[in-house]
Structures are given as C-alpha cells and as structure tokens.
Amino acid sequence: MLEDILKGDIERKTITQIYGPPGVGKTNLCIISAINFISHGYKVAYIDTEGGLSTERIKQISNNNEEFNNILNNLIIYEPESFEEQSTILKQLALIDNLGLIIVDGIASLYRLELSDDINQNAKVNRIMGNQILILNKISKKNNSAVLITNQITDTNKGFKASGGKILEYWSKIIIRIDKPNTIREMTLEKHRHAAEGQKLRYKIVNNGVHKL
C-alpha cells in the first residue's frame, strides 16, 4: 500500500491525505503522483496553496525533456490567495475533461489564516472546509478521479496531529503520516478501509524523486 503511494499510485474515488511537518517531502510525493497520472494519459489539477511547487523540481523528477513538456501541457496549476478563492477553484474542477487526479497541496493553509477568537467566524470557516471536502469527494466519485491532499500539523501535548480537525479526518479515507526523525523520512498508514493500519515505510529524497529504504 505505502509502496504504491511512493510511486504516485493514488486510489481513485476517494480522498487520500498525507500530513506531516515541513520538509518531509509532501510536495515531492505530489509531483510524483502528478507525473504518474499524466504518464497514463490523464490531466492533473494541482492547487498549490503555499507556493511550494517548483517546475525545476518537476524537471528533475521527470525522465527527459519530452516527458517534462508533456507534464507541463497536462498539469493545470492553481495558486489561490484566499480560502474563498480555494472554494471557487474546486468548484471549477468538475468542468475539466479527463481529470485523473486532483492535488490540493496544503489543504488547510489558507483555512488556518481565517481562524480567529470569534466562535461564529470559526464555525463559518469550518462549514466552508466541509463544503470543499464534499466537492472533492463528489468529483472523485463521479469522474473516477483520485484526490490527494497534503496537510500541515498542529502541536499537542501528545505530539503533533493533522490540522483541519474532524472534518478532514472523517472524509479522508486514507491517511498517511510522515515523520522525519533525521535525514530519513518514515511513512505510517494511520487509516485505510481494507489495508492493515500501522504499516510503515522508510524513504529518502533523492534528485530524481524518492528512494525506498
């Protein structure tokens, strides 16, 4: 299961969430997934909320210039500047033909900027987040698409957990946590409908992507 994720093989008709602290390689996995789907003839929508997507990194991971050009031609990149704009973009995705994969790299980044000490404001923001996830879920099932979201972390007295609360946790049917105890990254499968939870896989980031250890 985790080896499939490392190759960019994201399950269709469901939402896969990868979360962890900065620098663990979440965007690298997004790029690998995008390349994988495009190589199979699909278009990929990439919503980059943190400005972390680099065309130079895409070029490094792709095999050659021909593949790189094909990736750029079939990768639809969005860079929302607000949580509201993120909602607008997600609604537009249903109009894209042959959409194999939707990536939201930093699903909760703009969400967290909207949170405040105002209970009513936070309730509104949570409703918007819930609606965004429902949109992604609906598109994935209707179009037989895969959805990959990455998430930030929130520190607790028991360690870190994924941001976004119960909404993202509930609707993400596959959840993978990434830790970085040193230069090595470690994936842990925290949630899955039929695979054994608790599986682990160690890997490192290399020039042409990632390497399983």
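The values are calculated or read from the model by the stated rules, or taken from the named source; none is laboratory data. If you're wondering where the values come from, they're calculated on a predicted model, not measured in any experiment. Glycine gets a Cβ as well: all are built from the backbone with ideal geometry, and neighbour counts include every protein chain shown. Surface areas here come from the heavy atoms of the whole protein model, side chains and all, with no ligands, DNA or RNA. Shrake-Rupley method; radii C 1.70, N 1.55, O 1.52, S 1.80 Å.
Inspect the range 186-199 for any residue being farther than 16 Å from residue 4 by Cβ, of a type in the set (Asp, Glu) and touching a residue at least 40 places away in the same chain (Cβ under 8 Å) and give the result as yes or no.
no
Table: residues versus (1) among the polar types (S, T, N, Q); (2) at pLDDT below 95; (3) open to solvent by less than 30 Å² (accessible area, probe 1.4 Å).
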residue: 147; (1), (2), (3): no, no, yes
residue: 155; (1), (2), (3): no, yes, no
residue: 174; (1), (2), (3): no, no, yes
residue: 182; (1), (2), (3): yes, yes, no
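Find the residue count for the range 101-120, including only residues that are at pLDDT 90 or above and under 21 Å from residue 154 (Cβ atoms). Steps first, please.
Of the residues in the range 101-120, the ones at pLDDT 90 or above are 101-110.
Restricting the remaining residues to those that are under 21 Å from residue 154 (Cβ atoms) gives 104-110.
So the count comes out to 7.
Just for helices (runs of 4 or more DSSP H) wholly inside the range 1-107: which have at least 2 residues that are in contact (Cβ under 8 Å) with a residue 60 or more places away in the chain and surrounded by 16 or more Cβ atoms within 10 Å (Cβ to Cβ)? Reasoning before the result, please.
Values: elements: 2-6, 26-39, 55-61, 65-74, 83-92.
Of the helices (runs of 4 or more DSSP H) lying wholly inside the range 1-107, those with at least 2 residues that are in contact (Cβ under 8 Å) with a residue 60 or more places away in the chain and surrounded by 16 or more Cβ atoms within 10 Å (Cβ to Cβ) span 2-6, 26-39.
How many residues are within 19 Å of the chain's Cα centre (by Cα) and of a type in the set (S, T, N, Q) if we restrict to the range 63-78? Explain how you work it out, then say what you get.
The initial filter retains those residues of the range 63-78 that are within 19 Å of the chain's Cα centre (by Cα), namely 71-72, 74-78.
Narrowing the set further to residues that are of a type in the set (S, T, N, Q) leaves 74.
Residues meeting the conditions: 1.
How many residues are in a helix (DSSP H, G or I) and open to solvent by less than 50 Å² (accessible area, probe 1.4 Å) when one looks only at the range 108-145? Steps first, please.
First pass over the range 108-145, keeping only residues in a helix (DSSP H, G or I): 109-114, 119-143.
Of the ones still in play, those that are also open to solvent by less than 50 Å² (accessible area, probe 1.4 Å) are 109-111, 122-123, 125, 129-130, 132-133, 135-137, 139-140.
Total meeting the criteria: 15.
Quick check on the range 167-194: of everything there that is in contact with a Gly (Cβ under 8 Å, 6 or more places away or on another chain) and among the β-branched types (Val, Ile, Thr), which residue is nearest to residue 141 (Cα to Cα)?
Looking at the filtered set, the residue picked out is 167.
Results for (1) modelled with pLDDT of 95 or more; (2) in contact with a Lys or Arg (Cβ under 6 Å, 6 or more places away or on another chain); (3) over 17 Å from residue 140 (Cα atoms), shown as yes or no for each residue.
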position	(1), (2), (3)
21	no, no, yes
46	yes, no, no
67	no, no, yes
99	yes, yes, no
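Considering only the range 126-141, state which residues are of a type in the set (Lys, Arg) and at pLDDT 95 or above. Lay out the reasoning, then the answer.
Going residue by residue through the range 126-141, those that are of a type in the set (Lys, Arg) are 127, 138, 141.
Hits for the range 126-141 are 138, 141.
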